[in-house]
Amino acid sequence: MRQKIISQHFARLTALEQFLRTSDQTYIEDIVAFCQLQGKAIKVRSVREDLKLLREGALNGVPLNIVVENKQYRIKASGDKWAYESMAASERDTVPLVLSILEPYKELPAVKKVLENLKTTHRLGNKDVKLQSAMVSVKSVPENPAFVQLISKLMGCISRQVACEFNYFKVDGESGPELVPKFVEVYPVQIRIYDNRYYLVGVKTIAEWVPQSLQIFTLDKIYRYKVDESVDQDSFQTKTFDWDTLSRAIDLDHYFDDCVGIYRNYLVDKTPSIIYRWFKGWAASRVEAVPLHKSQKVVQRDGVNIRIRLEVFDTPELKGVFDRFGEYCWE
């Protein structure tokens, strides 16, 4: 008889664990009501004792980190104590998405460490590794190891707030790329990605710290993907800068707010323009599903055609975006 009671208790604990992982309502009253549905009258005191047993690892020897937030109970992953087995079903379901997002960056040192940690310390299941194919992301990082190292080097310079130098093939809109690279020395503040291409945002070390000094460098135009930290020729000390001060001085937080794309002529693009554009067919479907800019609004419909309104800088890059849609886009 006692064995039957123990088995029933174990079954209740198992059901209670699953309830905590999957339920949207986990107030103590909801937990009591759920336990009573298991076929036995139970009091709040007994429920609290069950929660204590779960915290102590009564199931499978794995202690559950049950926390109370806003009077609701839930199992929370924390530090080295959490593992794949301690994740809620809804959390495990999204593991393939996480892996897919990280996959293009797997050669970057920090990302490689995170992936290894997921598979070892946190005992990520082999099933979830295989299910990575359930979510496919765009590979925006080339397979070229030198390019990956370039990104890593620049991120290191930004993190340590040191100037960097490199030889750069500047792209001219009229004459095309230069045949001979020019030496550039900058304070790097940000790496941006647009249309699967990487860009460095920075200010030349000889320039004033104002928004019009902000410059953008295409990473694949850096000669041989080689970047070095800059050294002062007099003191032989690495040139440093204060990232917070510089980013505020060039208005980094809002500099690109009204851009479609990556480029902006600060001396010309002062105030965003109101731009209207028609789209039809597949172009209309795509633009409505994936807006060109956060300001986009559909202001008119004509059958399958839509007319959108944008409040952005009227730049050559914006025109290039429209041109991609060909005859399916017009004024």
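The values are calculated or read from the model by the stated rules, or taken from the named source; none is laboratory data. Quick caveat, the model's predicted, so the values are computed rather than measured. Cβ placement follows ideal geometry from the backbone for every residue including glycine, while neighbour counts extend to all protein chains displayed. Surface accessibility is based on the protein's heavy atoms, side chains included, excluding ligands, DNA and RNA. Shrake-Rupley method; radii C 1.70, N 1.55, O 1.52, S 1.80 Å.
Here are a few things to note about the model shown:
- Put simply, of S137, S159 the only residue that is at pLDDT below 60 and either under 17 Å from L108 (Cβ atoms) or under 20 Å from the mean Cα position of the chain (by Cα) (or both) is S137.
- Given (1) surrounded by 11 or more Cβ atoms within 10 Å (Cβ to Cβ); (2) of a type in the set (V, I, T); (3) outside any loop (DSSP other than H, G, I, E, B); (4) touching a residue at least 12 places away in the same chain (Cβ under 8 Å), index of the condition V298 fails: (4)
- For the range 301-320, the set of residues classified as assigned to a loop (DSSP other than H, G, I, E, B), closer than 12 Å to I274 by Cα and open to solvent by less than 70 Å² (accessible area, probe 1.4 Å) consists of F313 only.
- Residue under evaluation D323, criteria (1) out of contact with any helix residue (DSSP H, G or I) (no Cβ under 8 Å at 6 or more places or on another chain); (2) open to solvent by less than 30 Å² (accessible area, probe 1.4 Å), criterion not met: (2)
- When residues of the range 193-203 are limited to those that are part of a strand (DSSP E or B) and open to solvent by 70 Å² or more (accessible area, probe 1.4 Å), the one farthest from M155 (Cα to Cα): R197
- Residue, least open to solvent (accessible area, probe 1.4 Å), within the range 233-247, restricted to residues that are out of contact with any Phe, Trp or Tyr (no Cβ under 9 Å at 6 or more places or on another chain) and within 27 Å of F313 (Cα to Cα): S247
- The residues listed here are N126, N144, N117; of these, the one that is surrounded by fewer than 17 Cβ atoms within 10 Å (Cβ to Cβ) and at pLDDT below 65 is N126.
- Among the residues of the range 11-62, the ones that are over 40 Å from the mean Cα position of the chain (by Cα) and either surrounded by 13 or more Cβ atoms within 10 Å (Cβ to Cβ) or among the β-branched types (V, I, T) (or both) come to 5 in all.
- L246 part of a helix (DSSP H, G or I) and of a type in the set (A, V, I, L, M, F, W, C): yes
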